[in-house]
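A short write-up of the structure that comes next.
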(Lines give C-alpha, C1' and ligand atoms only; values in the text may rest on other atoms or scores of the structure.)
Protein backbone atom coordinates (compact mmCIF):
# COMPACT_ATOMS: atom_id res chain seq x y z
CA UNK A 1 0.00 0.00 0.00
CA UNK A 2 1.53 3.35 -1.08
CA UNK A 3 0.95 5.99 1.57
CA UNK A 4 3.13 8.68 0.07
CA UNK A 5 5.69 9.15 -2.69
CA UNK A 6 7.30 11.60 -5.06
CA UNK A 7 4.54 11.41 -7.71
CA UNK A 8 1.87 12.06 -5.08
CA UNK A 9 3.85 14.88 -3.51
CA UNK A 10 4.51 16.58 -6.84
CA UNK A 11 0.83 16.45 -7.74
CA UNK A 12 -0.13 17.64 -4.25
CA UNK A 13 2.23 20.60 -4.59
CA UNK A 14 0.75 21.53 -7.95
CA UNK A 15 -2.78 21.31 -6.53
CA UNK A 16 -1.87 23.60 -3.64
CA UNK A 17 -0.13 26.11 -5.89
CA UNK A 18 -3.26 26.36 -8.05
CA UNK A 19 -5.70 26.34 -5.13
CA UNK A 20 -7.92 29.44 -5.21
CA UNK A 21 -9.19 29.34 -1.63
CA UNK A 22 -12.73 28.07 -2.14
CA UNK A 23 -13.44 24.40 -1.53
CA UNK A 24 -16.32 21.94 -1.38
CA UNK A 25 -17.05 20.71 2.15
CA UNK A 26 -17.68 17.08 2.97
CA UNK A 27 -18.80 16.99 6.64
CA UNK A 28 -18.61 13.63 8.42
CA UNK A 29 -19.39 12.72 12.05
CA UNK A 30 -16.74 10.08 12.66
CA UNK A 31 -13.71 10.66 10.45
CA UNK A 32 -10.75 13.07 10.63
CA UNK A 33 -8.46 13.13 7.60
CA UNK A 34 -4.81 14.17 7.91
CA UNK A 35 -2.28 15.38 5.36
CA UNK A 36 -0.41 12.47 3.69
CA UNK A 37 -3.11 9.96 4.72
CA UNK A 38 -5.26 7.98 2.30
CA UNK A 39 -8.99 7.43 2.92
CA UNK A 40 -11.36 5.35 0.79
CA UNK A 41 -14.83 6.90 0.57
CA UNK A 42 -18.15 5.56 -0.67
CA UNK A 43 -20.37 8.40 -1.89
CA UNK A 44 -24.09 7.70 -2.12
CA UNK A 45 -26.10 10.75 -0.97
CA UNK A 46 -27.33 12.78 -3.98
CA UNK A 47 -25.82 16.07 -2.74
CA UNK A 48 -22.41 14.47 -2.32
CA UNK A 49 -22.65 12.71 -5.66
CA UNK A 50 -23.03 16.17 -7.15
CA UNK A 51 -20.10 17.41 -5.05
CA UNK A 52 -17.96 14.54 -6.33
CA UNK A 53 -18.95 15.08 -9.96
CA UNK A 54 -18.12 18.79 -9.69
CA UNK A 55 -14.77 18.04 -8.03
CA UNK A 56 -13.82 15.51 -10.71
CA UNK A 57 -14.71 18.03 -13.43
CA UNK A 58 -12.63 20.72 -11.72
CA UNK A 59 -9.66 20.54 -9.33
CA UNK A 60 -10.44 17.16 -7.68
CA UNK A 61 -10.32 18.83 -4.26
CA UNK A 62 -12.67 18.20 -1.32
CA UNK A 63 -12.31 19.32 2.29
CA UNK A 64 -13.18 16.62 4.79
CA UNK A 65 -14.42 18.32 7.96
CA UNK A 66 -15.62 16.89 11.27
CA UNK A 67 -19.15 17.68 12.44
CA UNK A 68 -19.46 19.09 15.93
CA UNK A 69 -21.43 17.19 18.63
CA UNK A 70 -25.19 17.44 18.25
CA UNK A 71 -25.08 17.22 14.46
CA UNK A 72 -27.80 14.54 14.36
CA UNK A 73 -30.67 17.01 14.79
CA UNK A 74 -29.62 19.13 11.81
CA UNK A 75 -27.86 16.70 9.48
CA UNK A 76 -30.12 17.50 6.51
CA UNK A 77 -29.46 21.23 6.88
CA UNK A 78 -26.05 22.67 7.86
CA UNK A 79 -24.99 21.43 11.31
CA UNK A 80 -21.99 23.13 12.97
CA UNK A 81 -18.56 21.98 11.84
CA UNK A 82 -15.05 22.38 13.20
CA UNK A 83 -13.05 25.29 11.79
CA UNK A 84 -9.89 23.27 11.11
CA UNK A 85 -10.25 20.62 8.43
CA UNK A 86 -8.13 18.75 5.91
CA UNK A 87 -8.01 19.52 2.21
CA UNK A 88 -8.02 16.29 0.22
CA UNK A 89 -7.32 15.45 -3.40
CA UNK A 90 -9.11 12.64 -5.22
CA UNK A 91 -6.38 10.34 -6.55
CA UNK A 92 -8.64 7.49 -7.73
CA UNK A 93 -12.32 7.28 -8.56
CA UNK A 94 -14.90 4.78 -9.71
CA UNK A 95 -18.44 5.67 -10.71
CA UNK A 96 -21.00 2.91 -10.27
CA UNK A 97 -23.96 2.22 -12.55
CA UNK A 98 -26.46 3.82 -10.15
CA UNK A 99 -24.45 7.04 -9.80
CA UNK A 100 -22.65 6.24 -6.56
CA UNK A 101 -18.88 6.73 -6.34
CA UNK A 102 -15.94 4.97 -4.76
CA UNK A 103 -13.08 7.39 -4.15
CA UNK A 104 -9.58 7.37 -2.75
CA UNK A 105 -8.89 10.70 -1.09
CA UNK A 106 -5.41 11.83 -0.09
CA UNK A 107 -5.01 14.57 2.51
CA UNK A 108 -2.72 17.35 1.30
CA UNK A 109 -3.01 20.27 3.75
CA UNK A 110 -4.61 21.54 6.91
CA UNK A 111 -7.05 24.37 6.25
CA UNK A 112 -8.87 26.94 8.37
CA UNK A 113 -12.45 27.74 7.40
CA UNK A 114 -12.87 31.50 7.18
CA UNK A 115 -16.52 31.55 6.16
CA UNK A 116 -18.99 29.41 4.31
CA UNK A 117 -19.89 30.68 0.86
CA UNK A 118 -22.93 28.93 -0.59
CA UNK A 119 -22.58 28.32 -4.32
CA UNK A 120 -25.61 29.06 -6.47
CA UNK A 121 -27.64 25.97 -7.37
CA UNK A 122 -25.28 23.64 -5.47
CA UNK A 123 -26.81 21.24 -2.89
CA UNK A 124 -23.57 20.86 -0.89
CA UNK A 125 -21.69 23.23 1.38
CA UNK A 126 -18.58 25.17 0.39
CA UNK A 127 -16.29 27.62 2.13
CA UNK A 128 -13.56 30.18 1.75
CA UNK A 129 -10.50 28.75 3.51
CA UNK A 130 -6.82 29.39 4.11
CA UNK A 131 -4.02 26.85 4.06
CA UNK A 132 -2.43 26.14 7.45
CA UNK A 133 1.25 25.12 7.25
CA UNK A 134 3.13 23.18 9.90
CA UNK A 135 5.35 24.94 12.42
CA UNK A 136 8.71 23.22 12.99
CA UNK A 137 10.40 24.68 16.09
CA UNK A 138 13.21 22.99 17.96
CA UNK A 139 16.55 21.48 17.02
CA UNK A 140 17.24 18.49 14.80
CA UNK A 141 18.28 16.49 17.87
CA UNK A 142 14.91 17.20 19.55
CA UNK A 143 13.01 16.16 16.45
CA UNK A 144 15.01 12.95 16.01
CA UNK A 145 14.55 12.09 19.69
CA UNK A 146 10.77 12.37 19.33
CA UNK A 147 10.85 10.25 16.19
CA UNK A 148 12.79 7.58 18.09
CA UNK A 149 10.32 7.69 20.99
CA UNK A 150 7.41 7.17 18.61
CA UNK A 151 9.10 4.22 16.95
CA UNK A 152 10.09 2.53 20.21
CA UNK A 153 6.66 3.09 21.78
CA UNK A 154 4.46 2.09 18.86
CA UNK A 155 6.13 -0.64 16.81
CA UNK A 156 6.41 -3.29 19.57
CA UNK A 157 2.63 -3.20 20.05
CA UNK A 158 1.99 -4.53 16.54
CA UNK A 159 3.96 -7.76 16.54
CA UNK A 160 5.13 -8.85 13.09
CA UNK A 161 1.97 -8.56 10.98
CA UNK A 162 1.37 -6.61 7.79
CA UNK A 163 0.45 -3.43 9.63
CA UNK A 164 3.70 -3.62 11.60
CA UNK A 165 5.65 -3.86 8.33
CA UNK A 166 3.84 -0.83 6.89
CA UNK A 167 4.44 1.18 10.05
CA UNK A 168 8.12 0.24 10.03
CA UNK A 169 8.35 1.54 6.46
CA UNK A 170 6.87 4.84 7.63
CA UNK A 171 9.51 5.22 10.33
CA UNK A 172 12.25 4.58 7.78
CA UNK A 173 10.79 7.03 5.28
CA UNK A 174 11.75 10.63 4.68
CA UNK A 175 8.48 11.95 6.08
CA UNK A 176 8.90 14.90 8.44
CA UNK A 177 8.06 14.46 12.12
CA UNK A 178 4.78 16.31 11.58
CA UNK A 179 3.80 14.20 8.57
CA UNK A 180 4.78 11.00 10.37
CA UNK A 181 2.65 11.99 13.37
CA UNK A 182 -0.26 12.76 11.06
CA UNK A 183 -0.20 9.40 9.28
CA UNK A 184 0.20 7.51 12.56
CA UNK A 185 -2.61 9.44 14.24
CA UNK A 186 -4.87 8.73 11.28
CA UNK A 187 -4.06 5.02 11.27
CA UNK A 188 -4.13 4.28 15.01
CA UNK A 189 -7.31 3.89 17.12
CA UNK A 190 -7.02 7.33 18.70
CA UNK A 191 -10.38 8.75 19.89
CA UNK A 192 -11.98 10.99 17.29
CA UNK A 193 -11.99 14.06 19.57
CA UNK A 194 -8.25 13.73 20.14
CA UNK A 195 -7.65 13.28 16.42
CA UNK A 196 -9.45 16.58 15.81
CA UNK A 197 -7.32 18.32 18.45
CA UNK A 198 -4.19 16.95 16.82
CA UNK A 199 -5.37 18.15 13.43
CA UNK A 200 -5.70 21.61 14.97
CA UNK A 201 -2.13 21.53 16.38
CA UNK A 202 0.39 22.98 13.92
CA UNK A 203 3.48 22.58 16.14
CA UNK A 204 5.11 19.34 14.99
CA UNK A 205 6.75 18.63 18.35
CA UNK A 206 3.56 19.22 20.30
CA UNK A 207 1.66 16.97 17.89
CA UNK A 208 4.20 14.17 18.33
CA UNK A 209 3.94 14.48 22.11
CA UNK A 210 0.14 14.43 21.89
CA UNK A 211 0.41 11.19 19.91
CA UNK A 212 2.72 9.66 22.52
CA UNK A 213 0.31 10.62 25.31
CA UNK A 214 -2.72 9.44 23.37
CA UNK A 215 -1.06 6.15 22.50
CA UNK A 216 -0.45 5.48 26.17
CA UNK A 217 -4.14 6.05 26.87
CA UNK A 218 -5.22 3.35 24.41
CA UNK A 219 -2.39 0.87 25.00
CA UNK A 220 -1.61 0.31 28.68
CA UNK A 221 1.53 -1.79 29.31
CA UNK A 222 -0.40 -5.03 29.89
CA UNK A 223 -1.96 -4.94 26.40
CA UNK A 224 -0.04 -6.75 23.70
CA UNK A 225 -0.77 -6.31 20.03
CA UNK A 226 -3.50 -3.75 19.33
CA UNK A 227 -6.54 -5.42 17.84
CA UNK A 228 -5.78 -7.56 14.82
CA UNK A 229 -2.19 -7.15 13.55
CA UNK A 230 -3.29 -8.36 10.11
CA UNK A 231 -6.18 -5.90 9.72
CA UNK A 232 -6.57 -4.01 6.47
CA UNK A 233 -4.69 -0.71 6.20
CA UNK A 234 -6.08 1.75 5.31
CA UNK A 235 -9.55 0.72 6.46
CA UNK A 236 -12.48 -0.10 4.19
CA UNK A 237 -14.56 2.56 2.49
CA UNK A 238 -16.15 5.10 4.81
CA UNK A 239 -19.72 5.93 3.71
CA UNK A 240 -21.11 9.46 3.77
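Brief remarks on what is shown
- Answer from 133, 123 - the residue that is loosely packed, with under 14 Cβ neighbours inside 10 Å and in contact with a helix residue (DSSP H, G or I) (Cβ under 6 Å, 6 or more places away or on another chain): 123
- Test: residue 163 is within 19 Å of the chain's Cα centre (by Cα), touching a residue at least 12 places away in the same chain (Cβ under 8 Å) and assigned by TED's automatic domain parsing to the domain that holds residue 52: no
- Some residue of segment 143-153 being crowded, with 17+ Cβ neighbours inside 10 Å and modelled with pLDDT of 95 or more: no
- Failed item in (1) in contact with a helix residue (DSSP H, G or I) (Cβ under 9 Å, 6 or more places away or on another chain); (2) surrounded by 13 or more Cβ atoms within 10 Å (Cβ to Cβ); (3) not in a strand (DSSP E or B), with residue 110 passing the rest: (3)
- Test: residue 208 is assigned to a helix (DSSP H, G or I), touching a residue at least 60 places away in the same chain (Cβ under 8 Å) and touching a helix residue (DSSP H, G or I) at 6+ places or on another chain (Cβ under 7 Å): yes
- Residue in segment 184-199 that is under 21 Å from residue 161 (Cα atoms), modelled with pLDDT under 90, in contact with a strand residue (DSSP E or B) (Cβ under 7 Å, 6 or more places away or on another chain) and not in a helix (DSSP H, G or I) present: no
- Any hit, segment 163-181, residues being more than 27 Å from residue 10 (Cβ to Cβ) and out of contact with any strand residue (DSSP E or B) (no Cβ under 9 Å at 6 or more places or on another chain): yes
- In segment 40-60, the residues that are closer than 20 Å to residue 87 by Cβ form Cβ pairs under 6 Å with partners that are in a helix (DSSP H, G or I), at six or more places apart or across chains, as follows: 43/49; 43/52.
- Residue check, residue 79 in contact with a helix residue (DSSP H, G or I) (Cβ under 6 Å, 6 or more places away or on another chain) and either at pLDDT below 95 or not assigned by TED's automatic domain parsing to the domain that holds residue 24 (or both): yes
The values are calculated or read from the model by the stated rules, or taken from the named source; none is laboratory data. A quick note: this is a predicted structure, and the numbers were derived from the prediction, not measured. All Cβ positions, glycine included, derive from the backbone under ideal geometry; neighbour counts span all protein chains shown.
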